[in-house]
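The values are calculated or read from the model by the stated rules, or taken from the named source; none is laboratory data. Keep in mind it's a predicted model, so treat the numbers as computed, not measured. Here the Cβ positions follow ideal geometry from the backbone for every residue, glycine too, while neighbour counts run over all protein chains shown.
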Amino acid sequence: MNKKIPRIINSVLGFTLIELMVVIVILGILAGLIVPRLMGRPEEARRLKAKMQIEILETALKLYKLDSGMYPDTEQGLQALVEAPETGTLPKKWRKGGYLEKGKMPKDPWDNNFVYLCPGVNYDYDIMSYGADGLPGGEEKNKDINNWEIE
């Protein structure tokens, strides 16, 4: 009794080992190109991190405005993204859990608070990191990072 058993070809969802290896190799190449550049330039890496943090704060502010119809004012500050405001014009809705992951306000890479003004001088709101010295103005590593200057 030599019966042939029909072969069932399974449709496999997901990635093949080759596809995963290609992605890993590409990520390795990118890391190999980027990491050495930033390793020798820690200040440049901090400035890049501050810009990314400001962009995250801008996204959270836009979500806040979608829910409440306005941005938090200067008095409420960026803290309104993690705790429901209790002063000033209260938001119509406020998302339970806040608008930032981990429910806490990040500090800039130099361990200073971001500066927030609303209404802003340059935009609907202004977000600033004062750089390494923590003071307005400055040059090179002390130069301010402002949301209206980020491309």
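Among the residues of the stretch 110-151, the ones that are in a loop (DSSP other than H, G, I, E, B), aliphatic (A, V, I, L, M) and buried (at least 16 other Cβ atoms within 10 Å of the Cβ) come to 1 in all. Against the list (1) among the small types (Gly, Ala, Ser); (2) modelled with pLDDT of 90 or more; (3) surrounded by fewer than 16 Cβ atoms within 10 Å (Cβ to Cβ), the condition Ala80 fails is (3).
Checked against (1) more than 23 Å from Pro42 (Cα to Cα); (2) buried (at least 16 other Cβ atoms within 10 Å of the Cβ), Glu101 passes all but a single condition, namely (2).
Quick check, is Lys107 under 14 Å from the mean Cα position of the chain (by Cα), surrounded by 15 or more Cβ atoms within 10 Å (Cβ to Cβ) and within 19 Å of Ile150 (Cα to Cα)? No, not satisfied.
Among the residues in the stretch 67-76, are any of a type in the set (Ser, Thr, Tyr) and in a loop (DSSP other than H, G, I, E, B)?
Here is the first cut: in the stretch 67-76, the residues of a type in the set (Ser, Thr, Tyr) are 68, 71, 74.
Filter again for in a loop (DSSP other than H, G, I, E, B), leaving 71, 74.
Yes, the conditions are met somewhere in the stretch 67-76.
Only one entry in Ile34, Ile145 is aliphatic (A, V, I, L, M) and within 18 Å of the chain's Cα centre (by Cα), namely Ile145.
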